[in-house]
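Only one structure is covered here, and it is reproduced in the block below.
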Amino acid sequence: MGLNLSIPLPERMAEVFVVLIEPEIQGNVGAVARSMRNFGFNNLRLISKSGYEFEDEALARSKHAKSVLENAEIFSDWDSCMQDISIVVGSSGKREMGEKIAFRHFVMPDEVAQRMNEVEGNVAIVFGREGVGILTEELQMCDILVTIPTWEGYPILNLSHAVTILLYEMHMALIATELGEQEGLPRTTKNTRLLDPELRRMIHTLSVDLARVVDVQEHKRPGIAETLKRVLMRSMPMDDEAHRILGVLKQSRDALKEKHSEEE
């Protein structure tokens, strides 16, 4: 028989939001809520164009985590859901293979967990539809991509299982940090807010702008924009660092535009 003790949720530097895109199976949503509660998470968001009602199956599968469903936020689109988010982590089992990877540069769950445990700000961990997962255009709006190292013969996990594994890693990273602090070990990063959401959007936009004006073949521009954005965001710059990066990107973009104008 499960227990649900009346004790405070764990304190984390980052405010973590689990985001489900257009979930199709009520039981999976309930199981996600239960996993969230198991590891001390309470912020659930759903993206659904037509809205979403939690039915009996979801409530039953959530067990003692019904409060997660009761407090869940429903958004009609990606932009409104991510308006206050500093870092978006997209999860996928569809991995690109080989040396020439254009878009899907993944990190492992333990690495994401460690990074998210050392920063402040609002962090969204996004999970896609049970049928098709996160669409390519949605993955391209994420800052960091994470994949669970499943067997390549059958790599796609059930939605609630994927959520459970990632939240487990984040919980273990928190335990390791707490043990380290008890032993007097310092944190490896500054205790500073991660990144203003508007600066994040500007980095995305300027990465695309810069890729449009560099001297490369047209078909290479999307990959350049994606790589530039992904590398910058994977470093998780703080606000003052982001301002400096944006200044360099703007100057580079404007200089290249001026160069092309003079050549015409």
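The values are calculated or read from the model by the stated rules, or taken from the named source; none is laboratory data. None of these values were measured; they are calculated from a predicted model. Virtual Cβ from ideal backbone geometry, glycine too; neighbours counted across all protein chains shown.
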Exercise. Just one of Val112, Val119, Val132 is in contact with a helix residue (DSSP H, G or I) (Cβ under 8 Å, 6 or more places away or on another chain) and of a type in the set (A, V, I, L, M); which is it?
Worked result: Val112
For this session: Give me the pairs, please: first residue somewhere in the range 225-240 and without any contact (Cβ under 8 Å) to a residue 40 or more places away in the chain, second residue anywhere and small (Gly, Ala, Ser) and part of a helix (DSSP H, G or I), beta-carbon distance under 9 Å, and either six or more positions apart or on two chains.
Result: Ala225/Ser207; Ala225/Ala211; Leu228/Ser207; Leu228/Ala211; Leu232/Ser207; Leu232/Ala242
Exercise. Considering only helices (runs of 4 or more DSSP H) fully contained in the range 195-264, which possess at least 1 residues that are in contact with a Gly (Cβ under 8 Å, 6 or more places away or on another chain) and farther than 14 Å from Asp143 by Cα?
Worked result: none
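Of the residues in the range 230-253, how many are under 20 Å from Phe106 (Cβ atoms) and either surrounded by fewer than 19 Cβ atoms within 10 Å (Cβ to Cβ) or charged (D, E, K, R) (or both)?
4
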Problem set entry | Failed item in (1) in a helix (DSSP H, G or I); (2) at pLDDT below 90, with Thr188 passing the rest | (1)
Problem set entry | Residue list for the range 193-229, restricted to those being surrounded by fewer than 19 Cβ atoms within 10 Å (Cβ to Cβ), out of contact with any helix residue (DSSP H, G or I) (no Cβ under 8 Å at 6 or more places or on another chain) and within 28 Å of Glu15 (Cβ to Cβ) | Pro197, Glu198, Arg201, Thr205
Problem set entry | Filter result (farther than 17 Å from Val163 by Cβ and not in a loop (DSSP other than H, G, I, E, B)) within the range 16-56 | Asp56
For this session: Can you tell me which residue within the range 1-43, out of those that are buried (at least 21 other Cβ atoms within 10 Å of the Cβ) and of a type in the set (Phe, Trp, Tyr), is nearest to Leu195 (Cα to Cα)?
Result: Phe17
For this session: Can you tell me which residue among Leu20, Leu69 is closer than 26 Å to Asp143 by Cα and either among the hydrophobic types (A, V, I, L, M, F, W, C) or modelled with pLDDT of 95 or more (or both)?
Result: Leu20
